[in-house]
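A short write-up of the structure that comes next.
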Amino acid sequence: MERRFHRDLSSLPELSRFVADFLSHHGLSPSNAYDLDLILEELFTNVLKYSSGTDQVAVGLTRDDSTITIALREFDVAKAYDITRAPEPDLTRPIAERKVGGLGIHMVRQLAETIRYEYKDRVSTTTITKKVSPNA
Amino acid sequence: MLEIKVETEGSVKLKGRLDAASAPKAREALRPLKGPMALDLSDLEYISSAGIGVVVETYKRLHGEGAALRVLNLTPGVRAVFRFAGLEQMLAIE
């Protein structure tokens with residue numbers, strides 16, 4: 001399944017509905033929605049902050065047994081932004097000394113099995129795989 | 001969709017989803033409140049890094065004023081995000 005979303009925070013509820021529809025379509029447990037929502041929100045908001053493609057962002061969800069592949073594609077992107085190279089936040093610091101930023105990608109790394117990035121012909125693609133619970 | 005209820009003095013209940021879209025609303029509601037504060041998250045279904053940012057910002061502000069922030073009744077999914085953020089051991093979570 002692939003759907004396109006406006007490059008705007010107002011797309012987040014639609015993204016969440018897309019995940020719920022996908023899980024339902026594949027007979028997968030709704031308990032998988034939290035992790036998938038979180039991965040998608042963090043990737044999507046990262047695009048809003050750091051990248052500048054067209055108004056539409058394509059999100060693809062595919063299933064292979066108990067593995068879900070999430071692919072987020074942006075079009076006409078002038079400069080690559082590879083999240084696999086993003087620095088890790090320092091989570092050992094006391095909260096009062098924490099700096100803002102980097103936490104979302106850290107969470108994606110915690111949840112994902114694999115993360116891949118490709119930039120080709122001005123198309124930027126981030127691909128994540130995630131194991132899910134199969135039982136509905 | 002996020003609902004914010006200031007229940008009694010110092011007690012705030014969040015219900016729904018605290019994501020990047022609703023974080024500004026939460027920030028605006030929490031900013032004028034004085035500490036100590038207890039955030040009841042028993043009806044919070046979802047939080048992302050943007051929501052964690054609001055909690056951290058509130059903690060920093062209250063800490064700077066010499067007041068405490070307690071975070072109460074986390075659901076398992078929300079607790080996992082606090083753990084990913086390295087906050088489970090640092091915040092007063094009950």
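Values as computed for the structure displayed
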{"read-out": "One residue from B:Leu91, B:Leu2, B:Leu14, B:Leu72 being closer than 28 Å to A:Leu40 by Cα, more than 14 Å from chain A (Cβ to nearest Cβ) and surrounded by fewer than 21 Cβ atoms within 10 Å (Cβ to Cβ)", "value": "B:Leu72"}
{"read-out": "Identity of the residue in segment B:17-30, among the charged types (D, E, K, R) and within 11 Å of another protein chain (Cβ to nearest Cβ), that ends up surrounded by the most Cβ atoms within 10 Å (Cβ to Cβ)", "value": "B:Asp19"}
{"read-out": "In segment A:6-18, residue surrounded by the most Cβ atoms within 10 Å (Cβ to Cβ) [restricted to those that are more than 10 Å from chain B (Cβ to nearest Cβ) and under 11 Å from A:Leu48 (Cβ atoms)]", "value": "A:Arg7"}
{"read-out": "Residue check, A:Thr114 surrounded by fewer than 15 Cβ atoms within 10 Å (Cβ to Cβ), β-branched (Val, Ile, Thr) and more than 14 Å from chain B (Cβ to nearest Cβ)", "value": "yes"}
{"read-out": "From A:Leu72, A:Leu40, A:Leu28, residue being surrounded by 13 or more Cβ atoms within 10 Å (Cβ to Cβ) and in a loop (DSSP other than H, G, I, E, B)", "value": "A:Leu28"}
{"read-out": "Set A:Thr54, A:Thr69: member being out of contact with any strand residue (DSSP E or B) (no Cβ under 6 Å at 6 or more places or on another chain) and not small (Gly, Ala, Ser)", "value": "A:Thr54"}
{"read-out": "Hits in segment B:31-61 (condition: surrounded by fewer than 23 Cβ atoms within 10 Å (Cβ to Cβ), at the interface with another protein chain (Cβ under 9 Å from one of its Cβ atoms) and more than 10 Å from the chain's Cα centre (by Cα))", "value": "B:Glu45, B:Tyr46, B:Lys60"}
{"read-out": "Set A:Ala58, A:Ala80, A:Ala96: member being small (Gly, Ala, Ser) and within 30 Å of B:Glu57 (Cα to Cα)", "value": "A:Ala96"}
{"read-out": "Residue list for segment B:1-25, filter: modelled with pLDDT of 95 or more and assigned to a loop (DSSP other than H, G, I, E, B)", "value": "B:Asp19, B:Ala20, B:Ala21, B:Ser22"}
{"read-out": "Qualifying residue in segment A:71-82 (condition: away from every other protein chain (no Cβ under 11 Å), without any contact (Cβ under 8 Å) to a residue 40 or more places away in the chain and touching a helix residue (DSSP H, G or I) at 6+ places or on another chain (Cβ under 6 Å))", "value": "no"}
{"read-out": "Residue within segment B:26-46 that is touching a Leu at 6+ places or on another chain (Cβ under 7 Å), under 21 Å from A:Pro89 (Cα atoms) and either of a type in the set (D, E, K, R) or modelled with pLDDT of 95 or more (or both) present", "value": "no"}
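The values are calculated or read from the model by the stated rules, or taken from the named source; none is laboratory data. Keep in mind the model is a prediction, meaning the values are calculated, not measured. Don't worry about glycine lacking a Cβ; one is built from the backbone with ideal geometry, like all the others, and counts go over all protein chains shown.
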